[in-house]
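Take a look at the structure below.
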Amino acid sequence: MGVQEHIYSSLLNARTPDVAIRVRGLSWTAIYRLHRVVLTQSGFFDSLFAGGFAESTPAPLLEPINIIFDDANITRSAFEFCLSRLYGGGPPLHIFPTLVPSQSQPLTSVFPFNKVDLHPPTPDGHQPGTPRFLLSLLATSVYLSIPNIAAQALSSVLSSVGPYTVLEYLSFALGKPVGPPDPEWNEPEAAVGLEQIAQLLSDDSFSVETADSASVSKDTATDEPQFLYGPISDKIGEAVSCWLARWAADMLAVEERKCLGPAEETAGQPRRRAKSDATLSSATTQFTGDSAAAPTLWDRGGLSLEWICAVLSSDSLFVPGERERYDLICSVVELRRRNGLIPEEEAVWKTLFKTGIHYCHMSVEDAIFISKHVSPTTKQPFVPISVLQAGHWQSSLLRQHITTRPSTTPSPFEIRSPAAPTPGSPIQREKELGLTRTTAEIRFDPDLDDDTQYYLVPTDSSQRIGDDGSSVHALVSQTSHLSLDDLFTPSFPPSSPALHGGTKLSNPLARVNSGEAYFFGLRTRRYTARDCIAVDPSGTARWTTHPPQRFGVEFWDTEGLPDKDRLYSRTIWSGGSLFNAYVQVVRKKGATQLGIYLHRQSTIEFPAASAPRVRDSATHFRGPSLPQIVVPRPTHYSPTTRATPLRSTTPVAISTSLPNSSASHLAGVTQSVNCQAVAPPPAPYRDSRPAVSAYFTISCASATGASQTRFASAPDVFTVSQSWGWKSSSLRTEEYLDVVQAADLASNIPIRPRYVSLRAVVILGLV
């Protein structure tokens, strides 16, 4: 028997103990006979024995040391698991594959949901890594100050954020206790293989009734204690918020089928247009699973009212546009109304419809439809006519600014545009509409209006939010001596390309507020005039009262894109101009970089949009009715230089003309990347200016949705066919797509479900 086995055997058989501890948790009380020299590996026990219990007690006279765990998240199984690891043994931790998403199965292997597959048996001798156990293990190891175990638990939690764990993890991040075990998991009370090390004191045991942590539907304050773990709780909350931003809308169709049944799920719901059907709830368009096994997210018993409003109004929520956001909100409201009206909810819905949607970016046809659309439950319109009129007034003001501003109309044959001017220069200011005000101008405005909503014009920055566990893995592998301080530091500090090293943001306003008060980064920030003054003492920040346009873009089979070729999103109309986004993959020196760009589209040439590949009944590839088009690498590639070289790499400006669609010569890869030609969006009016100034933010979600990278750009000048965007290491390619080397592109890349895609949300504002 080796030394390690001998030490672990001493734990199992209580051989030669020199300390006894009487542990009193909220659900169990027991005495453990242990060894000080082993326990001092834990920071908690090291401090304990270095303090009032430093003196050794003779073995025959062992007097138990009383330890009371008032943290409801500390369970017997997690505590004993930690003890076993201190002794160098213990059962292997089995993380259920059904709970772990992947790039090829981002909604886990049980999607479409199958109740039979969700709770597979645990291998013999393994500790079942249920969501409850992982959270308890994290809380226990943090309490006992055992960094390596805490890192393993945190990494396991972050890597298993998915449809069946998202609410339980959110509940934990909000400080709610883990609650009792789920009987369907058959979770043991004691750690596997360590059932005999505890001398249970049944006469002294007690239990405390706790709320079911799988539901976070309580909206009123309670006397329940909160159990928060600082930045560790925030990291889990961020991962959950990122997942909700990417997948929450897709989960609605599954939940409607579960709650309403196939015959009723569309009854009374707003009729979505064909173009929205292709994107909204795309993950569920071919749902064939057991709807009864689907998790509850939107219905009562799922997200709280506060969180529902935060998700549905969030700038980072993936929906194609504002009309689709309205459709989604209506569906959620009617889903919850089916079991009766609650006055508190109705007041919340009224505010949500008023403030959560940017009606100024809807077409007149959509506004007319909404004005006539009534709830089948209340027989009242969802949106008051005054709210729609206010949105129409905002869009009319923007049109007035654009169409009445003097401009030089370019030749209709002018496609390639000159290089953009430096941001902030007098030339750029000439391109602006005069829609922004500085904080100093707001401060000295004699007609200060507390009712006016202001939107922050961002500065250049990039920030990573959420985590899929990869950063914790890297931390453990790179650090020989891990401390809890390492786990409590932000995984991805915000950065600014305008600073050497890019370690922090020069403007605190540009940081994404990711704490609980801001719904871990989901909350859309709006300010009153007094708020602007309070958060910007310098008075230099820029603000606008016109809401930005928000739209989702989606790209399929990006890994099959040839080097430096472009894959375009659908095109949208905004303020008289056409915009879309595109991605590029650059492979060189064994590394693969993913770039994403916002592009002002020419009205003369119109690119096809990325679309999912499908199979026909004979399993052959089936192309769209119009030719497949992947825009090849342009012959002219001229990045526009900046005044400061520190900002020359990110964002990058590209000014090119698109080749004619007939010039596409990518026959060898069209089976890997599919595009569909679509009609241009309706354009109520045209901005004839050759260059416009706009700020934008691109939030790019990871493949599984547990993290996202947010790129923000100060106002840039967009000439026709010009692009601004990023291609940087902060957009870690392997988290967004399967990396395929150039030599492998000739082989067929397998057709995947349509919900396996690269998603991003663009926020665009003219200034």
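The values are calculated or read from the model by the stated rules, or taken from the named source; none is laboratory data. Bear in mind the structure is a predicted one, so any value in this text is a computation, not a measurement. Note that each Cβ is placed from the backbone with ideal geometry, even for glycine, and that neighbours are counted across all protein chains shown.
List of remarks:
- In the stretch 382-393, the residues that are over 24 Å from residue 334 (Cβ atoms) reach residues that are in a helix (DSSP H, G or I) and modelled with pLDDT of 95 or more with C-beta atoms within less than 7 angstrom, at least six apart or across chains, in these pairs: 392/367.
- Restricting attention to the stretch 179-204, the residues that are modelled with pLDDT under 95 and crowded, with 21+ Cβ neighbours inside 10 Å add up to 0.
- Residue 168 vs. criteria part of a helix (DSSP H, G or I) and at pLDDT below 95: no
- Test result for residue 397, in a helix (DSSP H, G or I) and surrounded by 17 or more Cβ atoms within 10 Å (Cβ to Cβ): no
- Annotation: of all residues in the stretch 23-48 being touching a residue at least 24 places away in the same chain (Cβ under 8 Å) and over 43 Å from the mean Cα position of the chain (by Cα), the one that is nearest to residue 188 (Cα to Cα) is 31.
- Selection count where residues are in contact with a Gly (Cβ under 9 Å, 6 or more places away or on another chain), over 18 Å from residue 79 (Cβ atoms) and outside any loop (DSSP other than H, G, I, E, B), scope the stretch 116-156: 1
- Some residue of the stretch 740-748 being over 15 Å from residue 558 (Cα atoms) and modelled with pLDDT under 75: yes
- Test: residue in the stretch 418-440 that is of a type in the set (A, V, I, L, M), farther than 25 Å from residue 236 by Cα, crowded, with 18+ Cβ neighbours inside 10 Å and modelled with pLDDT of 55 or more: yes
- Test: residue in the stretch 507-524 that is assigned to a strand (DSSP E or B) and in contact (Cβ under 8 Å) with a residue 12 or more places away in the chain: no
- Selected residue (criterion: modelled with the highest pLDDT) from residues of the stretch 526-563 that are more than 29 Å from residue 438 (Cα to Cα) and in a loop (DSSP other than H, G, I, E, B): 556
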